[in-house]
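> Can you keep this structure in mind? I'll have questions shortly.
The values are calculated or read from the model by the stated rules, or taken from the named source; none is laboratory data. In this text, all values refer to a predicted model and were calculated from it rather than measured experimentally. As a convention, Cβ positions derive from the backbone with ideal geometry for all residues, glycine included, and neighbour counts pool all protein chains shown.
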Amino acid sequence: MRPRSTGRRGIVALTVVSACSALTVAGIAPAEAAGRGAPDFGPYVKIFDTKTPVDEINAYLRQISKNTEFSDQRYAVFFKPGTYGSAAGEGDPATATGIVNSQVGYYTSIQGLGSSPDDVIINGALHANPSNGAIPSALTTFWRSLGNLSINPIQRPIAGDANVAQQVAPPHTLRWNVSQASPLRRVHIKGDLDINGPTGSYAFGSELVNSKVDGTVNSGNGATQASMAQWYSRDSSIGGWTGESSNLVFSGVKGAPRTTFGKGSITTLDKTPVSREAPFLYLDGGKYEVFVPDADTGTSGTHWSTSHRAGRQIPIEDFFIAKPADSAAVINRALRSGKNLILTPGVYELDQPIHVTRKNTVVMGLGYASLAPVKGTAAIEVGDVAGVSLSSLTVDAGAVHSDVLVQVGTPRGHAGDPRNPTALSDVFVRVGGPRAGSATTSFEINSDHVVMDSIWAWRGDHGVGTLWNQNRADHGLVVNGDDVTALGLFVEHYQKHQVVWNGERGRTIFYQSEYPYDVPSQQEWMNGTKNGYAAYVVSPGVRSHDATGLAIYSFFRQAPAYVTSAVETPVARDIRFTSVVSGVILGQGGVDHVINSTGDAVTASNPNSPVFGLLALTRLKSFPAGR
């Protein structure tokens, strides 16, 4: 794929609107933004019902879609059960009127409030289109999501779309052309899903989770055009899939294509070994509740039930609903009193960590709520308890250096319950980018039996404070606990090992990583006598580990740096890697081996990539060979 730094610089700055103008675009005062009868979710949560005119819905959505990449504005939009928009133009979107049709912007989550995704039907298109350029790009289309709703796709261009002339979508087709931190979760697409863009687009992928696509998912032909480089689909049902590129991974997906990895890019597992879906807000008999799904093993297809056998429902009264002005002390006092926590949209500047010390506590963000430590502490610390849920959160390192930003379990604590694992879902950490910051480790997992689902740890490669000696950060993820599973793991640009796995019986399904772009010289980037730092390390002494669907890329733009191995691991009977990609995007230097001393080198000086937009790429089907 083309370097994201180039695409990011080319993004035209958008006008930042004030909170009040965003909320009053349709004559709705901020105090009424959450809707009458709703809990006080604050001014940046909007709840629509079927009485709301479609024009009013579109005006609001299009206004907030102008949010910029590093804005502090956050938005959560909910639709009460019912049907929104007209289906009259579904056979010919060019003639459609009365549809719900808007680009989904930065830091915006849009969700239904039904107990099933089919309780909310959107006739139209809540979409994400690529931005302008000689070749369209979605390489900075981050931090947006859809959840718990169904869409009957009817999409035509609107003035609020990205700054490139967009074609009318084919009938029954939704475009969702995104990169990291932009999942589709618990969504029903009643047609086709295009994650490639109308003419092909550079994109670095996200996830389709617990969702149904009646038609075909199109990721693009990566051999001949810009396309979706990687994507993870889990526990879903699709009508079919078309496209190949670098790394496309499926687990528990009915209708998934067969594995082609080696000659192709697709890896398919029949089932997901262990998972725990994210909690979600919904209406039960007119009352607001949060449903917390139970963990499950060996899953495939969708699981949308909200019965008592599928999980537990928590009344909204059992939550402390925090606002950005609330201090960490106030939030912690509520948690100690036995409350769960909802963090409404905004940026929370924390002078101490949020402490979770009670079993089964739910901490749920709305609209990409952001935690920003200001005194060198962690943003959130989970004690030695099981069954905690952290979901839909963004964490930003602060100017005062932190040792760790998200810590689950105390060092050497090893708490955990296999029947009730702690789960992190849609949790995204940034070191630099929106603000100056540094932190040694972004995620530290000390507890046993933890499920990480849709995680992005990012040392910023553009934005504020993104120079080699500014946003210092060693590791994206350090796992010390046993029986930890990562489902959809993205870790990028850290200055030492991106991932260090010290625990036993760890498992990763889908991993995407990039080395730091800004290595100043080989001499300043040495791991003892080795060139550079492996992007995924299983520590010496570990006896059991399983990882599949890994893609690791270099783009050394400052110096001709090299890495000895993309992955380092002991060789043991119960350690297995399958479907591993090593590639060079652009720049200089490269990677000598894929795993340890196995696998071909990829270098900028020897372009050989079968994938459009990459200089070099090699694939290793299994390690050790034959397993």
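> Which one of these does Tyr107 not meet: (1) touching a residue at least 24 places away in the same chain (Cβ under 8 Å); (2) farther than 30 Å from Tyr348 by Cα?
(2)
> Select from the stretch 552-565 the residues that are within 17 Å of Ser597 (Cα to Cα) and within 24 Å of the chain's Cα centre (by Cα) and list them in ascending order.
Correct list: Ile552 only.
> Counting only residues that are in a strand (DSSP E or B) and either crowded, with 23+ Cβ neighbours inside 10 Å or acidic (Asp, Glu) (or both), how many does the stretch 351-361 have?
2
> Does Ala486 satisfy being assigned to a strand (DSSP E or B), within 25 Å of Thr297 (Cα to Cα), free of Cβ contacts under 8 Å to residues at least 60 places away in the same chain and small (Gly, Ala, Ser)?
Yes.
Residues checked against (1) on the phi > 0 side of the Ramachandran plot; (2) assigned to a strand (DSSP E or B); (3) not aliphatic (A, V, I, L, M):
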residue	(1), (2), (3)
Leu371	no, yes, no
Gly387	yes, no, yes
Ser392	yes, yes, yes
Val406	no, yes, no
Arg435	no, no, yes
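> So which residues in the stretch 360-378 are touching a residue at least 40 places away in the same chain (Cβ under 8 Å) and more than 14 Å from Phe319 (Cβ to Cβ)?
Within the stretch 360-378, Gly367, Tyr368, Ser370, Ala372 meet the criteria.
> I've got another one for you. Are any residues in the stretch 27-66 surrounded by 15 or more Cβ atoms within 10 Å (Cβ to Cβ), modelled with pLDDT under 95 and of a type in the set (A, V, I, L, M), and if so, which ones?
Ile28, Ala33, Ala34, Ala38
> Output the residues belonging to the stretch 182-220 that are out of contact with any strand residue (DSSP E or B) (no Cβ under 6 Å at 6 or more places or on another chain) and closer than 20 Å to Thr272 by Cα.
Correct list: Ser206 only.
> Right, something else. Only one of Gly264, Gly338 is without any contact (Cβ under 8 Å) to a residue 40 or more places away in the chain, over 23 Å from the mean Cα position of the chain (by Cα) and surrounded by 15 or more Cβ atoms within 10 Å (Cβ to Cβ); which?
Answer to the check: Gly264.
> A further question on this structure: Part of a strand (DSSP E or B) and assigned by TED's automatic domain parsing to the domain that holds Thr578: is that true of Ala559 in this structure?
So Ala559 fails the test.
> Something else: Here is a list of conditions, (1) among the polar types (S, T, N, Q); (2) assigned to a loop (DSSP other than H, G, I, E, B); (3) buried (at least 24 other Cβ atoms within 10 Å of the Cβ), and Gln523 meets all of them except one; can you say which number that is?
(3)
> Could you check the stretch 439-464 and list, in sequence order, the residues that are over 26 Å from Asn210 (Cα atoms) and either free of Cβ contacts under 8 Å to residues at least 40 places away in the same chain or crowded, with 21+ Cβ neighbours inside 10 Å (or both)?
Hits for the stretch 439-464 are Ala439, Thr440, Thr441, Ser442, Glu444, Asn446, Arg459, Gly460, Asp461.
> Scan (1) without any contact (Cβ under 8 Å) to a residue 24 or more places away in the chain; (2) in a helix (DSSP H, G or I) for the single condition Ala88 breaks and write down its number.
(2)
> Mind checking which residues of the stretch 573-602 are outside any strand (DSSP E or B) and either assigned by TED's automatic domain parsing to the domain that holds Phe204 or within 23 Å of the chain's Cα centre (by Cα) (or both)?
Ile585
> May I pose another question? Taking the residues in the stretch 236-250 that are of a type in the set (A, V, I, L, M, F, W, C) and surrounded by 24 or more Cβ atoms within 10 Å (Cβ to Cβ) as candidates, determine which candidate is farthest from Tyr202 (Cα to Cα).
This residue is Phe250.
> Being among the hydroxyl-bearing types (Ser, Thr, Tyr) and either over 15 Å from Ser265 (Cα atoms) or surrounded by fewer than 24 Cβ atoms within 10 Å (Cβ to Cβ) (or both) is the filter here, so list the residues in the stretch 554-586 that pass it.
Start the filter on the stretch 554-586 by keeping residues that are among the hydroxyl-bearing types (Ser, Thr, Tyr), which leaves 554, 562, 564-565, 569, 578-579, 582.
Listed by number, the residues that qualify are Ser554, Tyr562, Thr564, Ser565, Thr569, Thr578.
> Tell me, which strands (runs of 3 or more DSSP E) wholly within the stretch 100-198 include 1 or more residues that are hydroxyl-bearing (Ser, Thr, Tyr) and closer than 29 Å to Leu614 by Cβ?
144-153, 173-175
> Please determine whether any residue of the stretch 293-302 is among the small types (Gly, Ala, Ser), in contact with a Leu (Cβ under 9 Å, 6 or more places away or on another chain), on the phi > 0 side of the Ramachandran plot and touching a residue at least 12 places away in the same chain (Cβ under 8 Å).
no
> Filter the stretch 199-218 down to the residues that are small (Gly, Ala, Ser), assigned to a strand (DSSP E or B) and under 20 Å from Val491 (Cβ atoms) and list them by number.
Across the stretch 199-218, the qualifying residue is only Ala203.
> Give me a count of the residues in the stretch 146-193 that are out of contact with any Leu (no Cβ under 7 Å at 6 or more places or on another chain), at pLDDT 95 or above and under 29 Å from Thr394 (Cα atoms).
Number satisfying all stated conditions: 14.
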